[in-house]
Amino acid sequence: MTLVTETAVKALLETPTTTRVRPRYEGSNICTWIGFKHVNYLVEEAVLDHFRQAGLPARALYEEHGLGLDIVSLDSRILHAFHMDDIADAEVTPWTKDDDSTIGFKVTIQFERNGEIHKAVTSKVRVSLRIDTYLEAAGEVPAGLARFAVAVLGDDLERESAAVAPAEEEILASLTAGANAYGWKWNIPYPYCHFTERLQMSGYLRLMEEGKDRFVADRGISIKTLLDDRRWIPVVPRSDIRILDEALMEEDLYTVYTVEEVFKDFTYTSRMDFYVLRDGKLVKTATGRIVHGYAVIENRRDWSLVNFDQRVIDAISAKAPQA
C-alpha cells in the first residue's frame, strides 16, 4: 500500500512540526563555535524530520516510489552563534502555494542560553522530488506529490541557455575575466553525492565554505594568517544557494567565487557559481551568495565583530597593498 496518503500529503504541506536539533562535533572548528555549514545542516535535518513526522520519510519515498528528496534552495540568516553542545528547537512551517512546483518551508531555530530564548536561525527552504532513473522505474508518481516530481533537478525553472565552452584549459580564465573573482576546477567525488549519482545540497555547502578558504588564501589573508596575526575569524550572517541543474559524480565542476560588494568596512558579499562541461557547453548547475564578516576571539567563550582594516579591504577588493 502506498505511503502517500491524502492525510500524509496534507500534513506535509499544511502542518507545522518541531524537532530537537544539536550541531555536530565536526562543525566546531575554532574554539567551540559552529560554522555556517553545520548551522545549515541543522536546517536540513529539521526539514527531513518534518517529512518523517508527516509519514513520508526520505528513505521510504525513494525505496517505495523512486523519489529522491532533494533540497534545491536554501536561504539562511544566522542571528546568534551556535556553540558545541547547544540543543535547539527547530520549527518547520510549510510554505507552499497552490501553483508552486517545489515544496516550500520556513524554518526557525531557537535555543535557550542563560535563561533567555534566542532566535538563532531563520531559513527558507525548497524541496524537489527527483524521479529516480538510475534503477528501474518505480511506477507512476503518486498523485498527491506529482507536481513536485521532476525528471532533472531544475526542471521547475527557466534555465539560462548553456554557453559554448572555450578550450578546457581556458575555461577558468574565461569565467573570471574582468571580475574580482577566484575559480578552480574539481572532480566531484562520491562522498559529496547522494541517490547514487548527483551532487547534493550539503556538498554545495561544503564547496561554499571551501570557496572562502581558497579565496582569502589566494589574496594573502588565509584563515590561519589572520588567526595567528590578530585572532580574527570569519563569520557568516547569511548564505543562500539554489540548484539549477544536476552535477554528476566524477564530473569536473568549475567553481567561481566573485566578490560583488564590500559594505563599508564591515561585511562583503560574494557570489558563487558552479558549472560543468557537458557536450561542449558550460552548464550552470547552481548559484548562491555568502555574506562574510570578521570577529576577534576574546577568550575561549566569547568573540565580537570587528571592522575590516585596510589590509583586508585591499585584499578582498583586489587592490595591491600600499608600500
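Here, each number is a calculation from the coordinates, and none is a lab measurement. Remember, it's a predicted structure, so these values are computed and weren't measured experimentally. Cβ atoms come from the backbone with ideal geometry, glycine included; neighbour counts cover every protein chain shown.
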Restricting the range 216-294 to trypsin sites (Lys or Arg not before Pro) in coil, as DSSP defines it, with at most 13 other Cβ within 10 Å: 264
In Hz, Karplus ³J(HN,Hα) per residue of the range 85-92 (6.51, -1.76, 1.60; θ = phi - 60°; x = Gly, Pro): 6, 4, 10, 9, 10, 10, 9, 10
Percent of C-alpha pairs per 10 Å bin, the range 246-323, short to long: 16, 32, 25, 20, 6, 0
Formal net charge of residues neighbouring residue 249 (Cβ-Cβ distance under 14 Å; K, R +1; D, E -1): -3
Between the range 284-323 and the range 67-100, the Cα center-to-center distance that results, in Å: 26
Dipole of the chain [Lys/Arg +1, Asp/Glu -1 at C-beta], most positive-end residue of 192, 7, 122: 122
Sorted by Cβ density within 10 Å, fewest first, the residues 44, 298: 298, 44
Cut-off 19 Å (backbone N to label point 7 Å along Cα→Cβ of residue 18), residues of the range 106-135: 106-123
Loop-resident sites, the range 199-284, for chymotrypsin sites (Phe, Trp or Tyr not before Pro), counting at most 15 other Cβ within 10 Å (DSSP): 266
Rounded to the nearest 20 debye, dipole of the range 221-323 from Cβ charges on Lys, Arg, Asp, Glu: 340
0 to 90° range, to nearest 10: angle between helix 201-218 axis and the chain longest Cα axis: 10
Residue 218 paired with residue 301, simple spin-label distance in nm, labels 7 Å along Cα-to-beta-carbon: 4.1
Scattering profile of the range 161-271 at q = 0.11, 0.12, 0.15, 0.16 Å⁻¹ [log10 I(q)/I(0), Debye over alpha-carbon scatterers]: -0.43, -0.51, -0.79, -0.89
Degrees between helix 36-54 axis and first principal axis of the chain (Cα, 0 to 90, nearest 10): 10
Stretchable slack from residue 229 to residue 3, in nm (0.36 nm times residue separation minus alpha-carbon distance): 75.7 nm
Eligible lysines near residue 124 by straight Cα distance, threshold 23 Å, same-chain separation 8 or greater: 10, 37, 97, 106, 212, 284
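Taking the range 1-157, how much of its Cα-Cα pair set, in percent, is spaced more than 18 angstrom apart?
59
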Long-range tail of P(r) for the chain (Cα pairs > 28 Å, %): 45
About the Cα centre, charge dipole magnitude for the range 1-157 (Lys/Arg +1, Asp/Glu -1 at Cβ), debye: 460
